[in-house]
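Structure first, commentary second.
The values are calculated or read from the model by the stated rules, or taken from the named source; none is laboratory data. Not measured: the values here are computed from a predicted model. Positions of Cβ are backbone-derived with ideal geometry, glycine not excepted, and every protein chain shown enters the neighbour counts. Heads up: the accessible areas ignore ligands, DNA and RNA and are worked out on the full protein's heavy atoms, side chains in. Shrake-Rupley method; radii C 1.70, N 1.55, O 1.52, S 1.80 Å.
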Amino acid sequence: MLRSVTVNDTNPNPNVLIALRLARDHNLDKEQLLLQQLKDAAVRKVLNGEDFSSGLVALYIMALTASCSDPKHVIADGEDIDLIAILEKKLAQEIKHINETTHPISNYYQVSLDVLALCVTNTSIESVQVLIDAVENDRFKHGTEFSVDTGAMAAIALGCVRQAGGHPNTVQIEEALKKVLTQILEHVQGDGLIGNLYSTGEAVQALTINSDLVPAGPWNKNRTLEKLLGEVPKGSFDNPQAAAQVVPALVGRTYLDVSHLNCSTDQISTHPLCILFADLSHCPVSLSVDNLPLPEITTSAPVTSDEPIRVEYNIEDGLNHTFIDSTNVTVQRGSFLIKVLEAAQEKYPERFGFTTTMTLWGPSLTSVRGLNASSAQRTYWQLLNEKGPLDQGIGSYIPTNGERIFARLSRY
Ligand code: B12
């Protein structure tokens, strides 16, 4: 995560700052740099009318709050903007859209982030009902499957509102929480993962925050944490965004802690309790020291070998069935999937041309042979192999020799 923070980054990652602030060890220079980049980007996005989805605003608010910077006064370039007011407006638009179409403008993961950000900043929220209704109507989907990530984020948000107290719908909130926690628990795997590798960290937060509503027995937290820790050296969380979403759970913290950090004590001292217990729940949350120097980088390039592998790459308009096509390409072993797409495009620029957009998770496949995915029509280029949908994107997934990969325009 620290290495992903570089000077002149115009697309800074708020998830990374949240995770760096919640972590036990700190590199305060990098945290300061990222904080400044986020302030600059927030002001730029608002003033220039750049894309700023509700969930992204929510993440910015949590990142600023975790850095003891007031999200109501984000000052950069001589401007002073109020991100809370902006989020309230965006959440109102999401709810209006849900009432008109049954879907948010963005998605329920982001609507949950919105409620969470307002909750951790003690802003009164009139819109909790929208999450309760979504739970009741089973609206948390990723593609066509139940989305553990979305259920987890909703449970974190509802857990925050419940703990804050004073909400008129407490009974309904608890009923919704029980239902969504049960759905999350149904996705606990034998190895401890909840959903997949990338949903587990946030699911752990959801179950921890609402532990009094979690039925005793089925879930073994230690097994889950051990499994996650075991994946770290394998590089499963090398994507900074994946690391950012798993770190809070690994250090025993949750997104609800972002509002308890006291930055005025940064750089003062280590507290004996923090040293004595590896688990940060024993460590006063106000303490953070500058104790994480960044060693010189070796290389972050993927480990490829000269040995070639062959991959079958298939593309398909799975909705209007205007085309279906296939080709075999050769790439170096260890290459990311995007290399397969590039090799196919090089061979047949017309048939296998594609475009991507950059997101916090890396490049996302947005068009193939000129056919664009559209959030308005709720279509996307789904990535699959013979076993089913991939759990990583084109910038992270490493295909194996002989693998058959499919990019299929689908609906969500
Ligand atoms: C909603 C969602 C989707 C929606 C996004 C559209 C929409 N308007 O809702 C849809 C259904 C299209 C989708 C698709 C995919 N998704 Co998705 N998605 C999510 C989810 C639940 C929330 C994302 C979000 O809104 N974040 C908040 C906003 C503020 O951040 P953002 O970066 O601006 O959000 C955008 C990107 O995240 C992008 N996006 C969504 N998923 C993915 C996946 C990848 C690899 C990339 C590069 C971008 C991307 O869409 C978001 C909205 O524009 C996350 C859960 C999570 N834990 O993050 C999974 C998640 C990010 N998705 C994931 C995956 C694997 C995919 C797919 C590759 C699945 C597949 N086999 O086809 C595809 C992407 C394929 C492609 N074309 O490149 C994984 C990524 C894991 C990883 N290590 O890479 C996650 C973490 C879920 C999981 N636990 O498996 N996704």
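Build a GNM of the chain with springs between Cα atoms under 10 Å apart, and of Pro104, Pro218, Pro363 the one that fluctuates most is Pro218. Sort out for me the Cα centre separation of segment 341-412 from segment 61-119, rounded to whole Å. For segment 341-412 versus segment 61-119, the Cα centre distance is 30 Å. Of the GluC sites (Glu not before Pro) found in segment 39-117, the ones in coil according to DSSP and having at most 15 other Cβ atoms within 10 Å of their Cβ are Glu50. The Kirkwood hydrodynamic radius of the chain, based on inverse pair distances between different Cα atoms, is 22.6 Å.
Charge tally for Lys234 (other residues, Cβ to Cβ under 15 Å; Lys, Arg +1; Asp, Glu -1): -4.
Distance between the modelled labels on Asp70 and Thr123, one decimal in nanometres: 1.5 nm (7 Å Cα→Cβ projection). Oblate is the label for segment 217-268, because the ratio a/c of its alpha-carbon gyration tensor axes (a ≥ b ≥ c) is 1.5 or higher and a/b is not greater than b/c.
Computed about the Cα centre, the dipole magnitude for segment 308-411 is approximately 100 debye when only Lys and Arg (+1) and Asp and Glu (-1) carry charge, each at its Cβ.
Ranking Ser54, Ala85, Val16 by Cα position along the charge dipole of segment 1-110, where only Lys, Arg, Asp and Glu carry charges on their C-beta atoms, puts Val16 farthest toward the positive end.
Count the net charge of all other residues whose Cβ sits under 10 Å from the Cβ of Leu47, scoring Lys and Arg as +1 and Asp and Glu as -1.
Values: positive: Arg44, Lys45; negative: Glu50, Asp77, Glu79.
Net of charged neighbours comes to -1.
Extents of segment 184-225, taken as max minus min of Cα coordinates on every principal axis and listed largest first, are 25, 18, 18 Å.
With only Lys, Arg, Asp and Glu charged, each at its Cβ (+1 for the first two, -1 for the last two), find how big the charge dipole of the chain is about the Cα centre; round to the nearest 20 debye. Numbers along the way, then the final one.
Numbers: 32 positive and 48 negative charges, 103 e Å.
Using Cβ point charges on Lys, Arg, Asp and Glu, the chain gives about 500 debye.
Of all the options Lys90, Lys387, Lys339, the one that moves most in a Gaussian network model of the chain with Cα springs shorter than 10 angstrom is Lys387. Around the amide H of His26, modelled in the peptide plane, lie the amide H atoms of Val289, Asn291, Leu292, all under 5 Å away and 5 or more residues distant in sequence or on another chain. For segment 224-264, trypsin sites (Lys or Arg not before Pro) are listed when DSSP marks them as loop and at most 10 other Cβ atoms sit within 10 Å of their Cβ; the list is Lys234.
Helix-only arithmetic for the chain: the sum of -39500 (n - 2.57) across DSSP H runs with n ≥ 4, divided by the residue total, places the mean residue ellipticity at 222 nm at -13000 deg cm²/dmol.
The residues of the chain have, on average, 48 Å² of accessible surface per residue, using a 1.4 Å probe with all protein chains present. Highest GNM mean-square fluctuation among Gly166, Gly49, Gly217, for the chain modelled with Cα contacts below 10 Å: Gly217. Each Lys or Arg adds one and each Asp or Glu subtracts one; over the other residues with Cβ under 15 Å from the Cβ of Ala58, this totals -3. Quick check: at a probe of 1.4 Å, how many percent of the accessible area of the chain sits on carbon and sulfur atoms? Ligands and nucleic acids excluded, carbon and sulfur give 50 percent. Going down the table (Lys45/Lys72; Lys96/Lys178; Lys72/Lys179; Lys39/Lys72; Lys178/Lys221), which pairs top 23 Å between alpha carbons? Check vs 23 Å cut-off fails for Lys96/Lys178; Lys72/Lys179. Since only Gln163, Ala134, Ile173 are under comparison, the one whose Cα sits farthest along the positive direction of the charge dipole of segment 111-173, derived from C-beta charges on Lys, Arg, Asp and Glu, is Gln163. Normalised by 2.2 N^0.38 Å, with N the number of residues, the alpha-carbon radius of gyration of segment 308-411 equals 0.99. For segment 51-163, the gyration tensor built on C-alpha atoms gives a prolate shape. Its axis ratio a/c (a ≥ b ≥ c) is at least 1.5, and a/b is the larger of a/b and b/c.
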